Structures are given as structure tokens and as C-alpha cells.
1. Just name the residue that is surrounded by the fewest Cβ atoms within 10 Å (Cβ to Cβ) out of those in segment 106-125 that are among the small types (Gly, Ala, Ser) and over 11 Å from ALA63 (Cα atoms).
2. Considering only segment 50-65, state which residues are modelled with pLDDT under 90, under 30 Å from the mean Cα position of the chain (by Cα) and either farther than 21 Å from MET103 by Cα or in a loop (DSSP other than H, G, I, E, B) (or both).
3. Of the numbered conditions (1) closer than 18 Å to LEU233 by Cβ; (2) within 28 Å of the chain's Cα centre (by Cα); (3) not hydrophobic (A, V, I, L, M, F, W, C), LYS305 satisfies every one except a single condition; which is it?
4. Please state which one of VAL289, VAL298 is in the same structural domain as HIS224 (by TED's automatic domain parsing), modelled with pLDDT of 90 or more and within 30 Å of the chain's Cα centre (by Cα).
5. Search segment 183-198 for residues that are within 16 Å of ALA142 (Cβ to Cβ) and pair each with any residue that is buried (at least 23 other Cβ atoms within 10 Å of the Cβ) when their beta-carbon atoms are under 7 Å apart and the residues are at least 6 apart or on different chains.
6. So VAL227 fits all but one of (1) of a type outside the set (Ser, Thr, Tyr); (2) closer than 21 Å to VAL310 by Cβ; (3) out of contact with any strand residue (DSSP E or B) (no Cβ under 7 Å at 6 or more places or on another chain); (4) assigned to a loop (DSSP other than H, G, I, E, B); what number is the exception?
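The values are calculated or read from the model by the stated rules, or taken from the named source; none is laboratory data. None of these values were measured; they are calculated from a predicted model. Cβ coordinates were reconstructed from backbone atoms using ideal geometry, including for glycine residues, and neighbour counts include every protein chain displayed.
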Amino acid sequence: MGLLHFSREVKPDAAPHCECRCLRRCYRVNGGTVYFNEEICIIRDMNIRRRDLHLLLCFDALAATGSVSKAAQRMEMPQPSMSRALAQLRVMFSDELFLRTRMGVTPTPKALELIGPVRDALARIDGIMNPAAEFDPRTTRAKVTLTSTGYAEAVLMPFVVRRLEKLAPGLVLETRAPNREMADMRLERGEIDFRIGGVDQPPDKLRFGNLFEDRFVCIARTNHPAVRSRLSLEDFCALAQVRTLIRSHVDAADRAVAQYGKRIRYAVTSHDYAAVPHMVARSNLIATVPERMVELLVRGLAIRKYDCPVGMPRIAIRLFWHDRTHGSALHKWFRTLVADAARELKGL
């Protein structure tokens, strides 16, 4: 089964013809039956047959599992049959597609290019074949995978998890470390379902919803010998600081002081945002961090927060997803749940 996109101006020359006895307007075009839908048409019995659809499902299983045996289990078929399907896929696409490794199979560059389009096509076909599919959060055993910055995960996920525990106890949530260079590609390939973070200019192929905003503050330990009631620009640049690996946050601070012809003195770089306040509390280092992290995560630490002595942009945290999953009942429900959790966070 293949997909063909038509503009609304297309007018088939052939007379209406329907073999499926459905209520849609069907036409005979070049020996195939075209099913007209609001957005896409399904071409049957032309170049792509049922066998080819099965092979695409096998391709998706191989890409998702990275293993011939696991892909066979997922497709509920013997492993030799999956191996034969892989051989047929290699002939179909004139490429090895998946190369054997010690851990299973790894996709070739050609396979990586195909993952997104194949999953997009399968998702559209599934949406047509199951238009009235319902999602019940109380009984689902689905899995949702997302990437998130450590800061966003630390302040938002507790509110998300509390809702999941109550509303969808069988749903499995997996969070992964972010990778700015690969994030959009992973969404397109279907390797992850969502991405939580701050991206000022997301790609056109991604959809997003605003979750919450935050502002930067400076922190120093209580009774710091050089910081009293306020933090001056001179102290901000002269005192040793802890910074994180989140480039957008570091760059914002660097640009702010550069306007005054100054530079920040970085002494420690940490990959873990949550560790920064603890380093500050036990040293004379200072740091620039999101305010909500201080308010929600480090209560009880011997630190004080100060207004930044330079103008810093606000932090906008968003939820991103790919256009092909926009209509998924599961994804719609999860997006609403995350938005509700963000509203609770903003109300604190």
C-alpha cells in the first residue's frame, strides 16, 4: 500500500469506480483504485502490494529494535523469516540497510534517511485504517520517550509523574539526556516522542507548545566574604563561577557582560545543573541559574539568591513533537497532561 499526495484541484478523468464498497469517492486511475480523502489518497494494486507493506513493517521493527531476533519477536514471526525480509528489503532499496554488529544490527546512511518517511507512511496508513481508535489512559501499556534538559526535568517531571501515577498507571515514561545536534533528527525518525527544552527558532517540521518561563538569578553561599546585600557587576565578573554545559545559558551571560567590555571568570564546568547549588553552598564560587531551580530543589541549602547585575533573557521552556504524531490520541493526551503539570508549576 503506497501513499500519493494530491492537490484539491486534481480531477480524475475516469468515471467513479469503487471496488471496496465504501462511502468514499473512488476512481480508476492507471489501473489502480484511488481513494479520495481530505488529505491523502491510497493507491492500491499499482506498484506497491501487500507484501511490500509487510516489508516496510519489518523495516520499522529492525530500525526500532536494532536486532533481527527482537524485530522478529515484535512482528510475531520466526527469525529466519525476518532475515528473508531483510534480504528482500536490501534488494528493494539497493542498499545493505542494516549491518551486523556484535550488538545486533546498525542502520546504514540510506536506512537512516528512510526511517522517518517509512514511519510517517505507516502512521498515516494506520490512522486511515483505524480512524476511530480510542485511547484509554487507565488501561494503556504504551511507552512515551522524551529528552529533556536536567533543569527542565528536575522542576517539571515531578508534577508530570504525579499525574501519570494517578491517571495512567500502566504508561511507561522514559527520559533521556538531550542532544541538541541530534534532537530534531531523533524526533523525525521516531526514536523519541517529545523533546522538552528551550529552542528559540524550532524547525518548521516540528510543532511545539509553551510550557513555562523562568528567569536567571545569581547564587552565592550564605555569609560569602565578598557578597553582601547585592551582587555588583564587578563582583559578578571577578568572582570565580560554576557554569553548566548548557551553551545557551552560558552564552547569554557571556553576551550580557561583553556589552560592558568584561568577561566572566569560570573556574568549574559541571554537566549536572542540580549539582551547581551544592558546589556553591560549600565554596566561595558563585553561579547563574534558573530561579525555579533554587526555589524548588535546593531549599535548606546555605545559599542566597541575588538579582543578576546584567540584563539576562528569560528562559522559555517548550514541548516539541513531530508533525506526523500530532494526531495520535496518545500524544494528544500526553501533551495535555504535560501542559496541566506546567500550569501547576507556574502556580507555585
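1. ALA123
2. Residues satisfying the conditions are ASP52, LEU53, HIS54.
3. (2)
4. Selected residue: VAL289, the only one of VAL289, VAL298 that is in the same structural domain as HIS224 (by TED's automatic domain parsing), modelled with pLDDT of 90 or more and within 30 Å of the chain's Cα centre (by Cα).
5. ILE192/LEU146; ILE192/THR147; ASP193/LEU146; PHE194/LEU146
6. Of everything listed in (1) of a type outside the set (Ser, Thr, Tyr); (2) closer than 21 Å to VAL310 by Cβ; (3) out of contact with any strand residue (DSSP E or B) (no Cβ under 7 Å at 6 or more places or on another chain); (4) assigned to a loop (DSSP other than H, G, I, E, B), VAL227 misses just condition (3).
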